[in-house]
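Taking it in order: structure first as structure tokens, then the write-up.
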Amino acid sequence: MKIERAEVIVTSPGRNFVTLRLTTSDGVVGLGDGTLNGRELAVVSYLRDHVVPLLVGREADTIEDTWQYLYRGPYWRRGPVTMAAIAAVDMALWDILGKRTGVPVYQLLGGRSRRGALAYGHASGTTVEALFTAIRNQLDHGFRAVRIQVGVPGLGKVYGVGTDQRAGERYDYEPAARSVVPVEEAWDTEAYLRHLPTVVEAVRAEFGEALPLLHDAHHRLTPNEGAQLGRALEPHRLFWLEDCTPAEDQEALRRVRSQTTTPLATGEVLNSVHDYRTLISERLIDYVRSSATHAGGITGLRKILDFAAVYGVRSGIHGATDISPVGMAAALHLDIALHNFGIQELMLHNERTLEVFRTSYTFVDGLLDPGENPGLGVELDDEAAAAYEYTPAYLPVNRLLDGTIHDW
Ligand SMILES: [Mg+2]
């Protein structure tokens with residue numbers, strides 16, 4: 001059974017998504033997510049110009065060989081554009097194999113290891129009171145674990161903090177602004193370090209000790225600042241502190257790790273097992289944050305997570321809305337199958353996105369499940385997709401108060 005057709009589909013139902021659709025000679029269709037937030041069209045070109053011509057006529061069931069062909073075959077390896085393109089192909093091939101064999105992809109990965117995948121939602125507020133409302137809303141929505149982000153006194157808009165919610169409102173913060181250039185935000189690390197521990201303490205006092213709480217520092221701290229923050233948060237027992245230092249500097253986390261027992265997560269910008277070699281083999285992190293979408297698909301992410309399993313490091317797969325429902329489904333099949341699952345991020349897609357992508361995964365009592373449909377379990381509605389044209393959208397850029405460009 002050969003790949004007969006490969007189409008790259010771009011749709012923007014509130015957020016840009018890049019989808020690869022492969023069709024085999026006997027009419028089986030597979031979908032893959034190649035969305036790279038803010039650089040979507042680079043992946044479109046990589047796929048259309050350099051990958052699609054290689055795919056047509058290849059065997060559809062040689063998933064590992066195709067992955068290696070696209071990874072090792074070209075001179076240039078790794079990098080987010082390459083690995084997102086490989087991810088799109090890989091997911092589509094797993095989808096096809098599942099549909100051909102009549103089973104959900106998690107069965108092909110070894111079968112079910114758990115009843116459901118614990119998900120964490122996002123809660124944010126410009127003030128502590130607004131954050132409390134947002135946390136209550138997420139608990140009412142069924143989440144059993146919550147990431148908390150809060151405004152910093154003296155700063156304006158802070159990344160990760162959406163518009164304050166009213167009671168009962170659904171969290172629909174969209175961090176990428178639709179514009180041809182990114183917006184700019186101000187950042188003050190000292191103000192943040194003074195404020196955040198007081199907020200986490202207040203959240204613990206209000207919501208108790210048992211609720212898993214997560215926080216994302218968005219790569220903005222030095223190793224010493226990360227160590228300070230980790231220590232300050234130790235009494236409040238975070239589930240994890242995410243991305244305290246820039247992720248590409250693996251050795252930076254040695255300093256943080258040696259100074260604090262607060263669990264650490266990183267890696268949503270990392271895309272190959274080599275990016276994790278030090279982080280995992282030295283046990284500098286507790287959770288791997290890569291997505292299947294940005295790390296070479298199910299095959300690529302499984303290589304990372306199998307390596308992590310040897311060292312007792314668990315998964316915390318990236319699941320913001322820049323992961324399409326296809327990429328989310330791919331993550332969920334891994335979550336259910338792999339032994340070293342930790343937690344799954346879940347930002348719910350808006351209704352327009354779910355018109356374009358018909359999903360079969362479920363979220364019940366705080367747990368995600370990929371469902372029992374053969375393959376990944378997501379279908380694309382062409383007509384709905386065509387109604388939403390690509391629109392440039394970017395995450396913000398940070399400057400320190402003196403104007404210096406700062407890390408994410
Ligand atoms: Mg993050």
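Measure out, as a whole number of angstrom, how far apart the alpha-carbon centroids of segment 18-54 and segment 354-394 sit. Segment 18-54 and segment 354-394 have Cα centres spaced 16 Å from each other.
With 10 angstrom as the radius, rank E185, E389 by how many other C-beta atoms surround their C-beta, starting from the fewest.
On the way: E185 16, E389 9.
Taking fewest neighbouring Cβ atoms as first place, the list is E389, E185.
How high is the relative contact order of the chain? Use alpha-carbon pairs under 8 Å, at least six apart in sequence, and give a whole percent. Please list the in-between numbers first.
Numbers: 934 pairs, mean separation 91.7, N = 408.
Across the chain, relative contact order equals 22 percent.
Fully extending the segment from R194 to R277, taken as 0.36 nm per residue of separation minus the present Cα-Cα distance, adds 26.6 nm. Anisotropy class assigned to segment 3-104 is oblate, per the alpha carbon gyration tensor with a/c at or over the 1.5 cut-off and a/b no larger than b/c. Hey, with R₀ at 22 Å, roughly what FRET efficiency would R358 and E7 work out to, going by the Cβ-Cβ distance, to 0.05? Once rounded, the FRET efficiency stands at 0.80.
Of the chymotrypsin sites (Phe, Trp or Tyr not before Pro) in segment 66-98, the ones in a loop by DSSP (not H, G, I, E or B) with at most 11 other beta carbons within 10 Å are Y75, W76.
Semi-axis lengths, largest first, of the ellipsoid equivalent to segment 108-372 are 26, 24, 18 Å, with √(5λ) applied to each eigenvalue of the Cα gyration tensor.
Here the chain carries DSSP beta bridges of which approximately 50% are antiparallel, counting only pairs with both residues inside.
Excluding residues on the same chain fewer than 8 positions from K157, give the aspartates and glutamates whose Cα lies under 19 Å from its Cα. Once the sequence-local aspartates and glutamates are set aside, what remains near K157 is E129, D172, E174, E184, E185, D188, E190, D216, D402, D407. Once both labels are positioned 7 Å from their Cα atoms along Cα-to-Cβ, the gap between R254 and Y75 label points is 3.4 nm. Report note on the peptides 258-267, 49-58: ranked by the mean count of other C-beta atoms within 10 Å, highest first, their order is 258-267, 49-58. The R48 and Q68 beta-carbon pair, evaluated with R₀ = 22 Å, returns a calculated FRET efficiency of approximately 0.50. Among beta bridges identified by DSSP and lying wholly in segment 3-104, the antiparallel ones come to about 100 percent. Each peptide in 117-129, 224-236, 393-405, 11-23 was scored by the mean count of other Cβ atoms within 10 Å over its residues; highest first, the order is 11-23, 117-129, 224-236, 393-405. Which lysines, if any, have their Cα less than 18 Å from the Cα of K99, not counting same-chain residues under 8 positions apart? Partners within reach: K2.
At 30 angstrom or more along the helix axis (alpha-carbon based) and mean Kyte-Doolittle of 0.0 or higher, what helices does the chain contain? Whole DSSP H runs only.
Span-like helices, by this rule, are 80-101.
Cα centroids of segment 237-287 and segment 128-179: 25 Å apart. With each label modelled as a point 7 angstrom along the Cα→C-beta vector, the D365-A205 pair spans 3.4 nm.
In segment 288-383, which GluC sites (Glu not before Pro) fall in coil by DSSP and have 13 or fewer other Cβ atoms within 10 Å?
On the way: sites: E345, E351, E355, E372, E379, E383; in loops: E372.
In loop regions of segment 288-383 (DSSP not H, G, I, E or B), the sparsely surrounded GluC sites (Glu not before Pro) are E372.
Counting Lys and Arg as +1 and Asp and Glu as -1, what is the net charge of the other residues whose Cβ lies under 13 Å from the Cβ of S258? Charge balance in the 13 Å sphere: +3.
No value in this document is a laboratory result; all are computed from the given coordinates. For clarity, every value in this text was computed on a predicted model and none was experimentally measured. Reconstructed Cβ throughout: ideal geometry from the backbone, glycine too, with neighbour counts over all protein chains shown.
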